[in-house]
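The values are calculated or read from the model by the stated rules, or taken from the named source; none is laboratory data. Source: prediction; values computed, not measured. Cβ sites come from the backbone with ideal geometry, for glycine too, and all protein chains shown count toward neighbours. Areas reflect the complete protein model, heavy atoms only, side chains present, ligands, DNA and RNA absent. Shrake-Rupley method; radii C 1.70, N 1.55, O 1.52, S 1.80 Å.
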Amino acid sequence: MKKFELTAESKINIFGKKLFRIKALISFGDVKEGETGGWVEKEENLEQSSGNAWVSGDAEVYGNARVSGNAMVSGDAMVSGDAMVSGDAEVSGDAKVYGNAMVYGDAMVSGNAKVSGNAMVYGDAMVSGNAKVS
């Protein structure tokens, strides 16, 4: 069963990618049926089949990036490239996760933090402020 759909609302982001606003088809976790979320390039960017993963606010997920499990991407955060955000991880604020980076477990990336390259942030780790992990 699908938990969200791409809406007709779209935009071109600063990197020239066409992104679509998402809309919840069912209620799950803290998300209510009919609630609009953030922006994705394609359905594959956000896990459909299980978990409570969600993209909210003006957050963007694109490229081959994937959000799964119970992960949350919110605010103005960007997840791109081949990055993965999974488990109960959170990416928020103006944070950016890109490249082959992975954020998982109960990890949090927030503020203006950047996680890139082959970096892995996991467990109970917190990356915030203007921190850069690559």
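Scanning the stretch 77-104 for residues that are within 10 Å of the chain's Cα centre (by Cα) and part of a loop (DSSP other than H, G, I, E, B) yields a count of 6.
Somewhere in the stretch 122-134, is a residue under 14 Å from the mean Cα position of the chain (by Cα) and of a type in the set (G, A, S)? No - not one qualifying residue is present in the stretch 122-134. If the condition is being of a type in the set (G, A, S), under 18 Å from K42 (Cβ atoms) and within 8 Å of the chain's Cα centre (by Cα), then the stretch 67-76 contributes only A71.
V40 satisfies every condition listed in (1) surrounded by 18 or more Cβ atoms within 10 Å (Cβ to Cβ); (2) β-branched (V, I, T); (3) more than 14 Å from I22 (Cα to Cα) except (3). Across the stretch 75-86, the number of residues qualifying as over 16 Å from N13 (Cα atoms) and surrounded by 19 or more Cβ atoms within 10 Å (Cβ to Cβ) comes to 4.
Of the residues making up the stretch 105-134, those that are closer than 13 Å to A77 by Cα, open to solvent by 30 Å² or more (accessible area, probe 1.4 Å) and not in a loop (DSSP other than H, G, I, E, B) number 2.
Among all residues of the stretch 51-73, there is none that is exposed (fewer than 14 other Cβ atoms within 10 Å of the Cβ) and within 23 Å of D124 (Cβ to Cβ).
Just to be sure, is S56 closer than 16 Å to E5 by Cβ and modelled with pLDDT under 95? In short, no. Residues in the stretch 3-37 that are β-branched (V, I, T), open to solvent by 70 Å² or more (accessible area, probe 1.4 Å) and not in a loop (DSSP other than H, G, I, E, B): I12, T36. Taking every residue in the stretch 57-73 that is at positive phi and pairing it with any residue that is in a loop (DSSP other than H, G, I, E, B), at least 6 positions away or on another chain, the pairs with Cβ-Cβ distances below 6 Å are G57/S74; G57/G75; G63/S80; G63/G81; G69/G51; G69/A53; G69/S86; G69/G87.
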